[in-house]
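Engineer: Provided herewith is a single structure, encoded as structure tokens, for subsequent inquiry.
No value in this document is a laboratory result; all are computed from the given coordinates. Fair warning: this is a prediction, and the values are worked out from it, not measured in the lab. Note: ideal-geometry Cβ built from the backbone for every residue, glycine included; neighbour counts use all protein chains shown.
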Amino acid sequence: MIKRTRKHVIGEALMANLTEELWGDLHKMAHDRLYSKSGEGSEMTDWIDWPLKYQESEEYKRLKETAKRIRNQNDVVIVVGIGGSYLTPKMIIQSEYGEFYNELAEENQNPKIYFVGCDLSPDRINEILELICGCEWSIIYISKSGGTMEPALVFRTFWQKLYELYGAEADSRVYAITDAQKGILRSIANERGWKSFAIPDGIGGRYSAFTACGLLPIAVAGIDTDKLLQGAVDAMKDCSSNPNSFAGIYARWRYFNYFQGRKVELYAVNAPEISFFSEWLKQLFGESEGKDGKGLFTTSAIFPTDLHSIGQVIQEGTRNVIFETFINREFKTSVKIPKTNLKDNLNEKCQGKEFYQAVAAAMDGAFKAHTKGGNLCCTIKVGNTLEDMGYLMQSMFVSCAVYCYMIGVNPFNQPGVELHKTNMKSSPEWDN
């Protein structure tokens with residue numbers, strides 16, 4: 001087991017396969033292509049040093065002031081976006097506050113936050129409209145172009161309700177995060193005088209976590225974005241100076257499995273609070289590597305929950321297909337397992353124990369069983385602070401880009417996504 005900065009750990013039985021001698025030359029070439037900006041798609045690599053630039057910028061100061069104003073003005077904030085435009089704030093809010101943020105929001109003096117535009121369910125739209133009835137609310141609309149159909153359709157629905165409720169004041173309740181100069185949303189924002197923040201030209205959606213896309217909704221939720229950014233800055237420095245940082249080891253881990261012919265990477269998280277981190281990873285790696293007939297299929301599970309559903313097929317199903325990355329985050333609180341008068345034969349076993357120990361035992365049991373079943377498994381351990389999460393996220397950006405260069409694909413385009421967008425707009429279903 002090899003320890004990394006900020007309690008990240010990767011290793012167990014696989015480290016012999018990830019030595020610098022085995023994959024060092026290929027990995028170093030990919031690392032150098034990323035940092036020399038000589039690789040394919042290099043015009044979209046401004047995220048590499050963005051956390052430090054943004055941390056020190058005037059726009060970041062304005063973002064925090066705007067977030068404070070939104071918090072003070074509203075009971076509810078509607079965040080409109082899809083893909084990278086919503087996954088980061090959704091993931092960080094759930095990671096920090098758990099699944100029941102909105103139920104606890106008023107108690108914590110935070111506005112409730114509802115994410116829309118990531119699906120087109122009319123039932124869900126109506127449910128949220130009912131939930132916000134009688135509330136003071138505003139909209140944060142995140143879209144680089146404003147032309148992506150799913151969020152555009154949902155935004156116009158909530159905009160119309162906002163305009164009916166507030167009239168001319170509605171314009172002061174919309175915050176646009178979009179391209180600095182071009183696109184439909186930029187044009188509308190300028191025309192209507194909406195407060196706005198720019199998405200840099202050289203940063204694509206899935207790499208935009210530390211821009212206003214991620215940070216404004218996170219700040220509105222009362223989360224300390226300074227700490228999140230600082231973790232990213234620490235990783236930024238580690239990754240650039242050390243090809244064998246955590247990011248480098250993880251890139252080689254994925255490449256080793258890809259080279260061996262495995263097709264699927266399963267992210268197994270140890271708690272529902274970080275289940276959206278695996279969703280964030282699925283977008284990051286899926287859109288980055290899945291092209292030109294190459295790439296791994298990424299999927300996820302929550303352990304121990306899914307050990308009692310798909311655990312059987314993971315352990316003893318078709319072999320040489322799946323490898324597993326266990327993600328164990330430290331818990332923020334502790335709960336003791338009580339002694340009771342129930343005749344369940346557990347009092348002696350549970351004497352003095354806490355629930356985090358039960359989770360650790362479940363993850364350890366799964367790791368050993370799945371390894372014995374023939375899957376290669378590794379563990380990533382992460383602390384429970386915002387700095388830890390920021391560090392891990394920035395490291396994953398680097399790891400993803402380096403790994404993509406190792407398998408020979410552009411990490412920064414998504415031609416398949418663009419095709420489905422085009423086909424959606426021309427679909428005859430619109431005429432039915």
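Engineer: Which residues' amide hydrogens lie under 5 Å from the amide hydrogen of residue 146, considering only partners 5 or more residues apart or on another chain, with H built in the peptide plane?
Structural biologist: Result for residue 146 returns 185.
Engineer: Does the range 280-335 come out rounded, prolate or oblate by the C-alpha gyration tensor, with a ≥ b ≥ c the root eigenvalues, rounded set by a/c under 1.5 and, if not, prolate when a/b is larger than b/c and oblate if not?
Structural biologist: Note, shape of the range 280-335 comes out oblate.
Engineer: Right, another one. Size of the dipole of the range 52-155 about the Cα centre, Lys and Arg at +1 and Asp and Glu at -1 on the beta carbon, nothing else charged, in debye to 20?
Structural biologist: 540
Engineer: Do any GluC sites (Glu not before Pro) in the range 123-217 lie in a loop, going by DSSP, with at most 15 other beta-carbon atoms within 10 Å of their beta carbon, and if so which?
Structural biologist: Sparse-neighbourhood loop GluC sites (Glu not before Pro): 136.
Engineer: Plugging the Kirkwood radius over Cα pairs into Stokes-Einstein for the chain, at a temperature of 20 °C and a viscosity of 1.002 mPa s, what D comes out in µm²/s?
Structural biologist: 93
Engineer: Which three extents, in whole angstrom, do the alpha-carbon atoms of the range 102-219 cover along their principal axes, largest first?
Structural biologist: Projected onto its principal axes, the Cα set of the range 102-219 covers 39, 29, 26 Å.
Engineer: Could you check the spin-label model distance between residue 169 and residue 226? Points 7 Å from the Cα along Cα→Cβ, value in nm.
Structural biologist: My value for the distance between the label points is 3.3 nm.
Engineer: Also, I was wondering about something else. Determine the shape class of the range 241-384: with a ≥ b ≥ c the square roots of the Cα gyration tensor eigenvalues, call it rounded for a/c under 1.5, and otherwise prolate if a/b is greater than b/c, oblate otherwise.
Structural biologist: It comes out prolate by the Cα gyration axes.
Engineer: Rounded, prolate or oblate, given the Cα gyration tensor of the range 167-247, with a/c below 1.5 counting as rounded?
Structural biologist: It is oblate, given that a/c is not under 1.5 and a/b is not larger than b/c.
Engineer: Straight-line reach only, C-alpha to C-alpha below 28 angstrom: list the lysines that residue 353 could link to, leaving out same-chain residues fewer than 8 apart.
Structural biologist: 3, 7, 332, 336, 339, 343, 368, 372, 381
Engineer: Give a quick list of GluC sites (Glu not before Pro) in the range 310-393 that DSSP marks as loop, anything other than H, G, I, E or B, with at most 15 other Cβ atoms within 10 Å.
Structural biologist: 330
Engineer: So, counting K/R as plus one and D/E as minus one, what does the shell of residues with Cβ under 14 Å around residue 254 add up to?
Structural biologist: With Lys, Arg at +1 and Asp, Glu at -1, the neighbours total +2.
Engineer: Place a point 7 Å from the Cα of residue 58 along the Cα-to-Cβ direction; which residues of the range 173-199 have their backbone N under 16 Å from it?
Structural biologist: 196-198
Engineer: On to the next question. Rounded to the nearest 20 debye, what is the charge dipole size of the chain about its Cα centre when +1 sits on each Lys and Arg Cβ and -1 on each Asp and Glu Cβ?
Structural biologist: 720
Engineer: Measuring from centroid to centroid over Cα atoms, what is the spacing of the range 23-47 and the range 139-161 in Å?
Structural biologist: Taking the Cα centre of each part, the range 23-47 and the range 139-161 sit 34 Å apart.
Engineer: Could I ask something else about it? Would you mind pulling out the separation of the Cα centroids of the range 349-426 and the range 81-100, in Å?
Structural biologist: The two parts, judged by their Cα centres, are 16 Å apart.
Engineer: Run lengths n ≥ 4 of DSSP H only: what is the helix-derived mean residue ellipticity at 222 nm for the chain, with -39500 (n - 2.57) per run over all residues, to the nearest 500?
Structural biologist: Rounded to the nearest 500, it is -15000 deg cm²/dmol.
Engineer: In addition: Out of 108, 174, 125, whose Cα points farthest toward the positive end of the dipole of the range 46-223 (charges: +1 Lys, Arg; -1 Asp, Glu; placed on Cβ)?
Structural biologist: Most positive-ward Cα: 174.
Engineer: Additional query: Just how large is the dipole of the range 46-223 about the Cα centre, in debye to the nearest 20, putting +1 at every Lys and Arg Cβ and -1 at every Asp and Glu Cβ?
Structural biologist: 480
Engineer: Of the residues 409, 77, 313, which exhibits the maximal mean-square fluctuation in a Gaussian network model of the chain defined by a 10 Å Cα contact cut-off?
Structural biologist: Checking each option, the largest mean-square fluctuation is seen for 313.
Engineer: Using the beta-carbon distance between residue 351 and residue 297 and R0 = 45 Å, what value does 1/(1 + (r/R0)^6) give for FRET efficiency, to the nearest 0.05?
Structural biologist: Result of the calculation: an efficiency of 0.55.
Engineer: Which whole-angstrom value gives the distance between the alpha carbon centres of the range 315-335 and the range 273-305?
Structural biologist: Distance between centres, Cα-based: 13 Å.
Engineer: Another question, if that's okay. Taking amide H atoms as placed 1.01 Å from N in the peptide plane, list the residues 5 or more away in sequence, or in a different chain, whose amide H sits under 5 Å from that of residue 199.
Structural biologist: 178, 179, 180
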